[in-house]
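For reference, the structure discussed in these notes is given below.
No value in this document is a laboratory result; all are computed from the given coordinates. Since the model is a prediction, treat every value here as computed from it, not as a measurement. Because the Cβ atoms are built from the backbone with ideal geometry, glycine has one as well, and the counts that use them run over all protein chains shown.
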Amino acid sequence: MLVTFTTDAYADITMFGDDALAMLKMMGHSASVPGAILAADVPEALNRLTAALGSLKETSSSAESEDANEPVVSMANRALPLIELLTAAAKAGRNVMWQ
């Protein structure tokens, strides 16, 4: 499953479903797809996401790849496009939707 985040203030962001649902939960929302965040609630969702990502302590042993030659991408790095989308939406006062 893929989840696409949209807002009028930024380009669409598409993520793998597991990552997107985890980030939605970090933002304090249910993992239901489709969904939306009203413009007034976007700054709080952004704060919750960045706080949750800051508290994650991902270690290389817990995120081992099946192929030792592939680099491990942390959840914080996977979240960067969504953080940029939320930041732009908060600055422009726009809603964020996902499907």
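Observations, loosely collected:
- Listed by Cβ neighbour count within 10 Å, with the fewest neighbours leading, D12, D19 appear as D12, D19.
- For T6, net neighbour charge (Lys/Arg +1, Asp/Glu -1) across residues whose Cβ lies under 14 Å away: -2
- When I13, I83, I37 are arranged by Cβ crowding within 10 Å, least crowded first, meaning fewest neighbours, the order is I83, I13, I37.
- Choice from S74, S32, S55 with maximal GNM fluctuation in the chain (Cα, 10 Å cutoff): S55
- The calculated 222 nm mean residue ellipticity attributable to helices in the chain amounts to -13500 deg cm²/dmol, summing -39500 (n - 2.57) over DSSP H runs of n ≥ 4 and dividing by all residues.
- The chain, relative contact order [Cα under 8 Å, separation at least 6], %: 46 percent
- In a reduced charge model with +1 at each Lys and Arg Cβ and -1 at each Asp and Glu Cβ, the chain shows a dipole moment near 460 debye about its Cα centre.
- Residue order for V96, V72, fewest other beta carbons within 10 angstrom first, comes to V72, V96.
- Within a Gaussian network of the chain (alpha carbon springs, distance under 10 Å), most fluctuating of A89, A20, A11: A11
- Note on semi-axes √(5λ) of the Cα gyration tensor in Å: of the candidates (1) 25, 14, 12; (2) 39, 12, 12; (3) 22, 15, 11, the value calculated from this structure sits at (1).
- Computed over the chain with a Gaussian network model linking Cα atoms closer than 10 Å, the most mobile of V73, V33, V42 is V73.
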